[in-house]
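Everything below concerns the one structure shown next.
No value in this document is a laboratory result; all are computed from the given coordinates. Bear in mind that the values here come from a model prediction, so they are computed numbers and not experimental data. Ideal geometry is used to build each Cβ from the backbone, glycine not excepted, and the neighbour counts take in all protein chains shown.
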Amino acid sequence: MRFKTAPAPWPPDEVDPQPDLRAGLEAVGFRLLGAAVRVLPTDAEVSAIAAGYAPADGEALLRGDRPAQVMAAPDGSAFVRMAWFWSGSYAEMSTVLPGGGVVTTALDWGVDPAWPRALSRGYAATTDSRREQLLWWAPSASLRIVRGGAAELWDAHREHVAEVHRDARPLPVHARLEDAVAVYDAAQACRMRSAARSRMLAVVASLLAGVVLLVLLAALQAVLRPPAGWALLLAAPPVLLVLALHRPLWLRLRHWARLHPVLRAPVPVAER
């Protein structure tokens, strides 16, 4: 699914997606930059996505489809984005390094996401929120997931950046909403490339499995010499195997780190 956001002022009548987190961050000096408003997918596409969930989950997804809130750290070293996430927490603190790598510290979601009906039985039984968080922020140069509130997130992120940033160059100034949105869109573009790679590899792997089965069945046919009508029946299992393997393979290959492109985000250009 395509995903793109646009910077916008925070609507004065909009409900904070994570009110406790916002209050806690403002208490330590963070300032509100504005909103990251969804441009893609379109409203019609979001409604179609929601239709794939159980009715109650689809309604919750539509209610939660609201702008994300973006804030800047008091020292200009990080952005934080807060958004609705079912009944859990969504907050990611990001620092863009001078070379474009992104250091991310995120709050643990605290809940497993609801799943579309097509995935609720098979794939959902093999994963959990932590595994999905690691996949979501896989483009980051370095990632930590922490528990707690605003103070714990801020402390953990500063420690995280101090350990990762060994460059003599100073950190860029994180102060403009446009720069924050550019980072988020660059990360999403990486996720899309990763998904495309895993989907293509799943297609190739399932086709190879089908070809191998077809060869084996052809060899068996040459030995047993069944009636002519059996040739058509023997062609069915490879096709069914390809169809059965593709989706499960793709869902699991998405987690293969080798398929994740390295994120090089636009470096913020604000001045001190």
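Starting from the Kirkwood radius over alpha-carbon pairs of segment 72-180, derive D by Stokes-Einstein at 25 °C in a medium of 0.890 mPa s and give it in µm² s⁻¹. The estimated diffusion coefficient comes to 164 µm²/s.
Once you keep just the Cα pairs under 8 angstrom separated by 6 or more residues, what percentage relative contact order results for the chain? Could the numbers behind the result be given before it?
Numbers: 430 pairs, mean separation 56.5, N = 272.
Once divided by the residue count of the chain, the mean separation gives 21 percent.
Please list, short to long, the whole-number percent of alpha-carbon pairs of segment 195-258 in consecutive 5 angstrom bins beginning at zero. In whole percents, the pair-distance histogram is 4, 19, 23, 16, 13, 10, 8, 5, 3, 0.
Given the Cα atoms of segment 4-192, and with Rh set as the inverse mean 1/r over their pairs in the Kirkwood sense, what is Rg to Rh to two decimals?
0.96
Note on segment 142-255: percent of Cα-Cα distances in each 10 Å bin, starting at 0 and stopping at the bin with the largest distance, equals 11, 21, 21, 16, 12, 10, 7, 2. Computed from backbone phi with θ = phi - 60° and the Karplus coefficients 6.51, -1.76 and 1.60, the 3J(HN,Hα) list for segment 53-65 is 9, 4, x, 5, 5, x, 5, 5, 5, 5, 5, x, 6 Hz; x is used for glycine and proline. Leu25 sits among other residues whose Cβ lies under 14 Å from its own Cβ, and their net charge, with Lys and Arg +1 and Asp and Glu -1, is -3. Separation of segment 129-168 and segment 1-42 by C-alpha centroid, Å? About 20 Å separates the Cα centre of segment 129-168 from the one of segment 1-42.
Can you tell me, using C-alpha contacts under 8 Å and at least 6 residues apart, the relative contact order of segment 195-258 as a whole percent? Intermediate results must be reported in sequence, preceding the final value.
Working: 40 pairs, mean separation 37.2, N = 64.
RCO, segment 195-258: 58 percent.
Treating each Cα of segment 1-74 as one equal point scatterer and applying the Debye formula with no solvent, the log10 of I(q)/I(0) at q = 0.11, 0.13, 0.20, 0.26 Å⁻¹ comes out as -0.35, -0.48, -0.91, -1.17. Taking Arg131, Arg144, Arg38 in turn, the Gaussian network model of the chain (Cα-Cα springs below 10 Å) assigns the largest fluctuation to Arg131. Between amide H atoms placed 1.01 Å from N, distances below 5 Å from Ala54 occur with Arg117, all of them 5 or more places distant or on a separate chain. Please give the net charge around Leu135, taking every other residue with its beta carbon less than 9 angstrom from that of Leu135, where Lys and Arg add +1 and Asp and Glu add -1. Residues near Leu135 contribute +2 overall. Amide H contacts for Val37 (H built 1.01 Å from N in the peptide plane; partners 5 or more residues away or on another chain; cut-off under 5 Å): Ala6, Ala8.
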